[in-house]
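Colleague: Following this message is one structure expressed as structure tokens.
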């Protein structure tokens, strides 16, 4: 049996640091509250429309999700006030001392903005190709030909998956009549 080792003489008593409240999590609460209230208000304004014979009606699911969001918002707010915080990243692949890579974030935001601006003119197949290939390149892949080839497969494949498989027409853009 081992005996506990007493602290060395003159060592200061170290009390555990009080837990800090992560008040930035209230931003998540605000977003959840806003979306929940929006869903409830929007659901209450729905008319029966074509779903008159449906016993559930179109209001049930948006109301359930909205009420669920409000309940989860209250639970999260109480947890935040009680000092609950998430566990810090401790994985080997995470460098906690490095700063954010704002250049990459800016390039991705620019790529998404270009996709939004060009999708009506170029169509989803071409714009999706550039979106997938551009995102792979921005995130570090230096195989540009392979990026474009995989982007083309994803862009055109998703176009036909939505159009043929789901019956949802995506914009064809300049390839209208060809695709």
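The values are calculated or read from the model by the stated rules, or taken from the named source; none is laboratory data. Predicted model only: the values in this text are computed from it and were never measured. Cβ placement follows ideal geometry from the backbone for every residue including glycine, while neighbour counts extend to all protein chains displayed.
Colleague: Please count how many residues of region 116-129 are closer than 16 Å to residue 175 by Cβ and surrounded by fewer than 19 Cβ atoms within 10 Å (Cβ to Cβ).
Modeller: Residues flagged as closer than 16 Å to residue 175 by Cβ and surrounded by fewer than 19 Cβ atoms within 10 Å (Cβ to Cβ) within region 116-129 amount to 4.
Colleague: Return the residue satisfying two criteria in turn: it lies in region 73-107 and is touching a helix residue (DSSP H, G or I) at 6+ places or on another chain (Cβ under 6 Å) and at pLDDT 95 or above, and of such residues it is farthest from residue 174 (Cα to Cα).
Modeller: Filtering region 73-107 for residues that are touching a helix residue (DSSP H, G or I) at 6+ places or on another chain (Cβ under 6 Å) and at pLDDT 95 or above, the one farthest from residue 174 (Cα to Cα) comes out as 73.
Colleague: Taking the stated definitions as given, is residue 146 assigned by TED's automatic domain parsing to the domain that holds residue 108, surrounded by 11 or more Cβ atoms within 10 Å (Cβ to Cβ) and either at negative phi or in contact (Cβ under 8 Å) with a residue 40 or more places away in the chain (or both)?
Modeller: yes
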